[in-house]
Every structure is written in C-alpha cells, then in structure tokens.
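Structure, as structure tokens:
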Amino acid sequence: MKAWKVGGAVRDALLGRPGSDIDWVVTGATPEAMRAAGYLPVGRDFPVFLHPVTRQEYALARTERKTAPGYHGFVFHADPGVTLEEDLQRRDLTINAMAQDETGRIIDPYGGQHDLQARLLRHVSPAFAEDPVRILRVARFAARFVDFQVAPETQVLMQRMVSVGEVDALVAERVWQELSRGLMEVQPTRMFDVLHDSGALARLMPELQAAWSSATPEATRWRCAIDLAARQALPLPARFAVVTTRLGGIDHTTRADALASLCERWRIPTDCREVAELVLREHDVVCSGTAMDAEQRVQLLDRCDAWRRPERFEVMLQACECIARADGSGSARGHAVSFMRWRQSRSRGAAVDTGAAARRAAERGARGPQIAAAVHDARVRAVAEDLNDEIND
C-alpha cells in the first residue's frame, strides 16, 4: 500500500501558488485494508477515506468506464491492481494529472509540467469527452489561471462534445457548482469566453448568448463590470447580479423573464436570485440617486425591504456601484459620494423610532394604513434632514 499526493496540490506547488486542499491516491490497497489501518470511509460512489489524524481525503486508485450520457453515467473500478498511471489518466487536464511521492519526486506521465510551463489547459486523454462537467472545469480554470490558454485540440474536443449533446445531460447542481466557483475566480469573463467558444454557453445559458457575442460599447462595459466585481472581491450574489444585468434583451420585461428562466433552470440559490432581481429592477434608479428627493429614496428603500434586510440591500448597492464605475460616466469620487449617500439614507431611516411614531399617530386617531403612513413620513423627514447635511466621513 502506497499513498501519493495528487491533483491541485501538486499543480499549485509547482506554480508557487498558495496550496490547495491536499488529496491523496492510494495504490495496492483494498477498502478492508484501509479500514483496518484506521481510515474512515466516506465515499458513496467509490472508495474514499479520511485519514484518522489529518482528516485529508485518501481515494483508492481507480479507473472508470462510460455507461450512459451525462455526469452520472460512469462505472468505477478500484482494486489493488490499478496503477497510479491508470488513475491519473482518468483526470481532466494534464496539469491536474501529476502525483508526488513521499520524497518529493514528481510523477508526470502525461506532460503536466510541460503544459504548466507552456501555460496550456490540455486534456489528458480522449476520455475527457465522456464527462461534460469537464467543459465547465476548463472554463473555471481559465478564469483562475488568466495567463493560460485552452489547447487547440482541447477546444476542438469540447466543441465536438457540445455538438453531440453531452452538455444537455448536465444536472443543475453541478452546473451551478462550477459556475459559482468560476464567478469567484480572478477573471470570470474568461470562463464565459471558454463556454462561448465551445458552444456550451448557448446550450447552458442561452439568455447570455446574444449579449456575450456582442461587440457594442455597452457589452464591453458590462464585461468590464464583471471583472471589476472580482477585483473588488464582491460576494457571489453581487457578482451574479452584475452578470445578469444584460440577460435577454433591452426590454426590462424580457430581461426579468430571462432571469427567472435562468434561475429556475439551474436552481440558483435564493440569495443570488434576490440580489439579481433587485439590481435588474432598481439599478437605473439607484444610479440616478443624486437627483432623488427624500420621498423617492424612502420609496426605493421600502421596495428593497432595506429596513429589515440591510445586508441584502448593501450587496445590491455593491453590484450597482460596480456597474456604475465600469460604465465610465462620472468620477470615482462622484460614485463614492452617491452610493455613500444611499447607505446613509438607509441608516438614518432605520434609526427612526417606528414604535414611537406609530404611538403618536394612534394617539391622533390614526388606524391601520394611516399608522403605516405616519411611520413612512417619519423616515422621509429623517432622510430629508440627512440630505441637507454633508455625508459623514
């Protein structure tokens, strides 16, 4: 029985990047031997174990055979006779198909070190075509390793996979898992470029296809906003909201319908969907905030449920501010002042003692909607006072 460090940890060490989670492959072992050595079984589809001390994952070397379309259509085979080279051959890219032994020696049967130096994302074997998730993984790695290019032969293979319908068998959970991770990488637009060039974008996210194919100044600014959101380390819901500002078409109803369709198809998490809906609906109004009076501001804050959900409102503002900065209109100082004013308006309105305002209205004989109107008016007065003051530093 022998253990080998494999995959991303080996790759990132050779690149001098911060370490990935360490995964191990074990050759010459059986599940019974692993359990006898104290390893804890956790794999459902194939034998994976947790080290009894480090809790790192150790997987038995295995091969796989395609039996049906899509991500789940595989049968795995693991026994002591499976070699390290056979296990590495089933991996997606050469840069992920390297191993390291306990002495530090690199085992690289498929040219991963060469492709690291050449900055290439190249598939290991024709078996790459059997798993459509690998298209998404290549796209995600392109967003992470921004100086790497997809090897021409890998590009052709991915296009062929799309043409024969492999991506149509992808399940929502895996699509969103890869897309969301790609959105959190260094340059997310590269992920969409790879998906577009392979033809997968049109099949997976047709709502984005027309916009991504466009060379208009508006489309260019939109792409800049997506990468700006990454440079500013915005959270995932904000990044998703920036991406979805150009879904469908120019007409707002079309865009709203396109967003709903996309979110339903890929089961987008509620936090991402809600922020995207707010940005789609309120972006233009938020960005014209300097021209709005206190009443208009409180109405928008009401629509956004900003009093009860300030964190979501803040993420929405971050996305809108990112879009405004990428648009190129106005100065950085002007954007900062405008969006800080929104934050302060929410803060001033939230500081109103709504209980006291409601009691005073009730004492005057107000009931039901009249009490709610009195609370609203109290918030408007607080925001109006703030608009007459300088923003606090």
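Given 297, 303, 341, which one is in contact (Cβ under 8 Å) with a residue 60 or more places away in the chain, basic (Lys, Arg) and touching a Leu at 6+ places or on another chain (Cβ under 9 Å)?
Just one listed residue meets the conditions, 297.
Restricting to the stretch 8-41, what's the tally of residues that are surrounded by 12 or more Cβ atoms within 10 Å (Cβ to Cβ), under 22 Å from residue 63 (Cα atoms) and not small (Gly, Ala, Ser)?
15
Would it be correct to say that residue 291 is among the small types (Gly, Ala, Ser) and either modelled with pLDDT of 90 or more or closer than 22 Å to residue 235 by Cα (or both)?
Spelling it out, it is not the case that residue 291 is among the small types (Gly, Ala, Ser) and either modelled with pLDDT of 90 or more or closer than 22 Å to residue 235 by Cα (or both).
Of the numbered conditions (1) over 29 Å from the mean Cα position of the chain (by Cα); (2) crowded, with 18+ Cβ neighbours inside 10 Å, residue 363 satisfies every one except a single condition; which is it?
Evaluating residue 363 over (1) over 29 Å from the mean Cα position of the chain (by Cα); (2) crowded, with 18+ Cβ neighbours inside 10 Å leaves (2) as the failure.
A quick yes/no check of all residues on (1) of a type outside the set (Ser, Thr, Tyr); (2) in contact (Cβ under 8 Å) with a residue 12 or more places away in the chain; (3) part of a loop (DSSP other than H, G, I, E, B):
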site	(1), (2), (3)
147	yes, yes, yes
162	yes, yes, no
181	yes, yes, no
190	yes, yes, no
197	yes, yes, no
201	yes, no, no
209	yes, yes, no
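Kindly establish whether residue 326 is surrounded by 15 or more Cβ atoms within 10 Å (Cβ to Cβ), out of contact with any Gly (no Cβ under 8 Å at 6 or more places or on another chain) and part of a helix (DSSP H, G or I).
It is true that residue 326 is surrounded by 15 or more Cβ atoms within 10 Å (Cβ to Cβ), out of contact with any Gly (no Cβ under 8 Å at 6 or more places or on another chain) and part of a helix (DSSP H, G or I).
Look through 343, 308 and report the one residue that is surrounded by fewer than 20 Cβ atoms within 10 Å (Cβ to Cβ) and not in a helix (DSSP H, G or I).
The match here is 308.
Based on this model, can you work out whether residue 318 counts as over 24 Å from residue 272 (Cβ atoms), modelled with pLDDT of 95 or more and not aromatic (Phe, Trp, Tyr)?
In short, no.
Kindly indicate the residue of the stretch 64-98 that is more than 23 Å from residue 15 (Cβ to Cβ) and modelled with pLDDT of 85 or more and also surrounded by the most Cβ atoms within 10 Å (Cβ to Cβ) among those meeting that condition.
82
Output yes when any residue across the stretch 219-239 is among the acidic types (Asp, Glu) and out of contact with any helix residue (DSSP H, G or I) (no Cβ under 7 Å at 6 or more places or on another chain), and no when none is.
no
Could you count how many residues in the stretch 10-39 are touching a residue at least 60 places away in the same chain (Cβ under 8 Å) and among the β-branched types (Val, Ile, Thr)?
Selection size over the stretch 10-39: 3.
Please determine whether any residue of the stretch 269-276 is closer than 21 Å to residue 202 by Cα, part of a helix (DSSP H, G or I) and not assigned by TED's automatic domain parsing to the domain that holds residue 196.
Yes, that holds for at least one residue.
Suppose the filter is among the charged types (D, E, K, R) and buried (at least 20 other Cβ atoms within 10 Å of the Cβ); does residue 231 pass it?
So residue 231 fails the test.
Taking the conditions exactly as written (aliphatic (A, V, I, L, M), part of a loop (DSSP other than H, G, I, E, B) and modelled with pLDDT under 95), does residue 215 satisfy them or not?
yes
Considering only residues that are surrounded by fewer than 15 Cβ atoms within 10 Å (Cβ to Cβ) and in a loop (DSSP other than H, G, I, E, B), which ones fall in the stretch 104-124?
104, 105, 119
The values are calculated or read from the model by the stated rules, or taken from the named source; none is laboratory data. Computed from a predicted model, the values in this text were never measured in an experiment. Positions of Cβ are generated from backbone atoms using ideal geometry, with glycine treated the same way; all protein chains shown enter the neighbour counts.
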